[in-house]
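Each reported figure results from applying straightforward, stated rules to the coordinates on display, with no laboratory input. Predicted model, so just to flag it, every value in this text is computed and none were measured. We place every Cβ from the backbone using ideal geometry, glycine too, and count neighbours over all the protein chains shown.
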Amino acid sequence: MSKISRRKFLAGSVAGGAAVMMTPAKKALAAGSFEGFPDGMGVLVDFTRCVGCRTCEAACNKEQNLPAPAKPFDDYSVFDEIHHGQPRRPTSKAYTVVNRYETKEEGPVFRKIQCNHCNEPACLTSCFVNAYTKTPEGAVIYNSKVCVGCRNCMIACPFHIPGYTYESVINPVIKKCIFCYDTRLKEGRPPACVESCPQQVMTFGKRAELMNIAHERMRKNPEKYVDHIYGEKEVGGTGWFYISGVPFEELGFDTHLPKEPIINNVKDFLAVVPMVLAIWPALFTGFHLLATKGKSHGHGDDHSHGEEGH
Amino acid sequence: MVRAGRQLITGLGVLLLSAVLAVGCFAMDDFPDEVEIDSLANLYDGVVFDHAMHVDMTENCADCHHHTTGTGVVDEYCAKCHDGAEDGDTVACQDCHSANPVSPENFHSTPEAYSYHDDKPNLKAAYHLNCVGCHQDVGGPTGCEDCHAKTDAGEKYYHSGEYAPKQDPHQAAHH
């Protein structure tokens, strides 16, 4: 008995491993073109308007019921914080942060960072338990109930967005900006940060229409903007995209990302993931297959019952 | 409770006063001397805007009012289509710029008539882009509390003042 189940388990794991390698391609087909959902919503972010007031951070904290911050949201000393040689990043306790960058032409320029809600999210394709979903409204959301905390998505994300919470040992999960999907986007309302901004740095609307507005702003004021919309093409296009008065490199953006979605690279990517990470998916899918096998077995029984009747 | 009550009464008083002032001066100079801008007040109090001082300081009403005061156009881009010879019926920012940050009318105006204007900022942003924009350029006040004090709701929202985090921020930053 125990021998059989172990062999079954191993077989399951191998199949699981194979399934992981297959999923990216399958999902890519399902998600369709690189434009994402045609009516998907997005946000145009115009850094020439940002004054670094951090009101968006306060709005996010309140809307998402995040823990109290270490410093008040009107404390601007956070702009001087350097963690591990880097300015602040979004974490499991703060889904968005604003940083200040010293630039050559414009002096201090502020940049808000949060999930970019990619058209073809690498987190989604890298996730072997299918915790992530790209909704037709444009949000990249996740189901923390199925998340097993493997952190593949943290490595896959080209923007280093998902944060990891160690608070619950039983259910360690990834946390990130969800475009206020549950409380707002689903009903057609803009995310809390967008609504809170005194300067309307962010404009909410259909991604396709916002893209026109972005081009229009640059045409109206060619001397005010650099000729690049970050997120129009990067990694297959992002739901949140950016226009700026200074080159994006100076604001800490990775300007060497491919134009194609990261999915195409996922196979290569999986190959270089450390063994631990590569084995985890296989193991877990193995468990999963075992569990579901039990269930479908029950089904099969009923079926064969019917056949016996013939 | 007491505090809120008092705020309400002073608020009403100022409102009444500014209404009287606005109406009074309107007839004389065609513009109000002072405007209490407070239709949005929530996290911050309203702003007592010294209109007369700003008129003295600026060269053209169109620095703030577009072409609607009939005094020409300063924005070169707008000047492509507006000569500013005619004045508009609507002058107050809040009568054109919607308070609702996502009213479709801000973002995507009605079909034919407004096909040239699909990028109108909401009211909160119209004020800030205009006021803070100029203050940054010419050295007016730009601190948030230079123009309006935080309300109790605002301190709660920003976790500041009475609601500031109690623990040592240096310790908290490590975890």
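Report the label-to-label distance for A:A208 and A:N221 in nanometres (one decimal), using points 7 Å from each Cα along the Cα→Cβ vector. The two pseudo-label positions are separated by 2.7 nm. Summarising the overall dimensions of the stretch A:90-130 from its C-alpha atoms, the Rg and Dmax are 15.0, 46 angstrom. Per-residue shielding of B:156-166, expressed as the average number of other chain Cβ atoms within 10 Å of the residue Cβ, stands at 5. At an R0 of 22 angstrom, the distance between the Cβ atoms of A:K186 and A:T133 translates into a FRET efficiency of 0.95.
Exposure proxy ranking for A:K62, A:K134, A:K224, based on other Cβ atoms within 10 angstrom of each Cβ and starting from the fewest, stands as A:K224, A:K62, A:K134.
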